[in-house]
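Engineer: Handing you this structure, nothing more for now.
The values are calculated or read from the model by the stated rules, or taken from the named source; none is laboratory data. Please read these numbers as outputs of a predicted model, since none were measured by experiment. Cβ sites come from the backbone with ideal geometry, for glycine too, and all protein chains shown count toward neighbours.
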């Protein structure tokens, strides 16, 4: 193995934290020989004026709910900070300690290292009015059964009027340029596999000792809105609205309808 490679991890969090400190390194997505730039500034530090219109609209909806919001997978905290600055009681969580350090340094007061797949160990039932889970991380559940269990955990930590915003790629909109994409014989399903590599900024005298931080291989399940609706079966959620984004992804608003309110998907 290349001795410059450190597989002990957190390349994305390290990239965020170094960028926050004003010492950016180089983050790359890798699938075999294929690589893409990590776009740390654009993805995690862009100002609201550069966000897609739907991003702002959905955050406005969460801000209007008059209840605490969980930003699950908050990264460096850009969306959680937007909510906090509007008076929302927002908690940001991320599995990366470095990302949480960046979010705290940016001013997010309630930022915690918590795995999105372990919410019930961290929060009381009904603690939040809404869960905001963007960045396609719901796909890390790995299967539709896993997605259903993740959605069930979102339901348990939100109150009876709970709302969730989730985010994923629509396989029908994905082209061959999406790094790591893999087909699946099932309708509305695909996969994405890659790992992240980060090269920290060079320090004086270290030109020959630069260390790459290499993360584990990530497997994302990609599913369209109809498959998302399937995954809500057996949970309190219904897909209320689906908003197409400009990058082959969509954001879906999940709500908890009453027994007399049929589930439906609006596109």
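Engineer: When you scan region 41-78, how many residues do you find that are surrounded by 13 or more Cβ atoms within 10 Å (Cβ to Cβ), touching a residue at least 60 places away in the same chain (Cβ under 8 Å), touching a strand residue (DSSP E or B) at 6+ places or on another chain (Cβ under 8 Å) and not in a helix (DSSP H, G or I)?
Structural biologist: Within region 41-78, residues that are surrounded by 13 or more Cβ atoms within 10 Å (Cβ to Cβ), touching a residue at least 60 places away in the same chain (Cβ under 8 Å), touching a strand residue (DSSP E or B) at 6+ places or on another chain (Cβ under 8 Å) and not in a helix (DSSP H, G or I) number 9.
Engineer: Another question about this same structure. Residues of region 1-22 being surrounded by 12 or more Cβ atoms within 10 Å (Cβ to Cβ), farther than 15 Å from residue 217 by Cβ and modelled with pLDDT of 95 or more, which ones?
Structural biologist: Of everything in region 1-22, those that are surrounded by 12 or more Cβ atoms within 10 Å (Cβ to Cβ), farther than 15 Å from residue 217 by Cβ and modelled with pLDDT of 95 or more turn out to be 13, 14, 15, 16, 17, 18, 19, 20, 21.
Engineer: Which residue out of 172, 161 is over 24 Å from residue 9 (Cβ atoms), in a strand (DSSP E or B) and in contact (Cβ under 8 Å) with a residue 40 or more places away in the chain?
Structural biologist: On the way: 172 fails: in a strand (DSSP E or B).
Every option except 161 fails the conditions.
Engineer: Further question: Looking at the structure I just gave you, is residue 163 buried (at least 19 other Cβ atoms within 10 Å of the Cβ) and closer than 17 Å to residue 94 by Cβ? Reasoning before the result, please.
Structural biologist: Numbers: buried (at least 19 other Cβ atoms within 10 Å of the Cβ): yes; closer than 17 Å to residue 94 by Cβ: no.
When the stated conditions are applied, residue 163 does not pass them.
Rundown of residues vs (1) modelled with pLDDT of 95 or more; (2) closer than 30 Å to residue 26 by Cα; (3) over 17 Å from the mean Cα position of the chain (by Cα); (4) not in a loop (DSSP other than H, G, I, E, B), yes/no style:
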| site | (1), (2), (3), (4) |
| --- | --- |
| 154 | yes, no, no, yes |
| 227 | yes, no, yes, yes |
| 235 | yes, no, yes, no |
| 251 | yes, yes, no, yes |
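Engineer: Search region 110-144 for residues being assigned to a helix (DSSP H, G or I) and free of Cβ contacts under 8 Å to residues at least 60 places away in the same chain, and hand back the single one that is nearest to residue 165 (Cα to Cα). Write out each step before concluding.
Structural biologist: First pass over region 110-144, keeping only residues assigned to a helix (DSSP H, G or I): 116-122, 137-141, 144.
Right, trim to free of Cβ contacts under 8 Å to residues at least 60 places away in the same chain and you get 116-122, 138.
On the way: 116: 14, 117: 16, 118: 18, 119: 16, 120: 18, 121: 21, 122: 20, 138: 10 Å.
Per the stated criteria, the residue is 138.
Engineer: Exactly one of these conditions fails for residue 106: (1) touching a strand residue (DSSP E or B) at 6+ places or on another chain (Cβ under 9 Å); (2) closer than 21 Å to residue 46 by Cβ. Give me its number.
Structural biologist: Status for residue 106: all satisfied but (1).
Engineer: Still on this model: Please verify whether region 131-141 includes one or more residues that are on the phi < 0 side of the Ramachandran plot and more than 17 Å from the chain's Cα centre (by Cα).
Structural biologist: From region 131-141, those on the phi < 0 side of the Ramachandran plot are 131-134, 137-141; that's our starting set.
So of that shortlist, the ones also more than 17 Å from the chain's Cα centre (by Cα) come out as none.
No, region 131-141 contains no residue that is on the phi < 0 side of the Ramachandran plot and more than 17 Å from the chain's Cα centre (by Cα).
Engineer: Next up: If we keep just the residues of region 79-97 that are without any contact (Cβ under 8 Å) to a residue 24 or more places away in the chain and buried (at least 24 other Cβ atoms within 10 Å of the Cβ), which is nearest to the chain's Cα centre (by Cα)?
Structural biologist: Applying the filter and picking the extreme gives 92.
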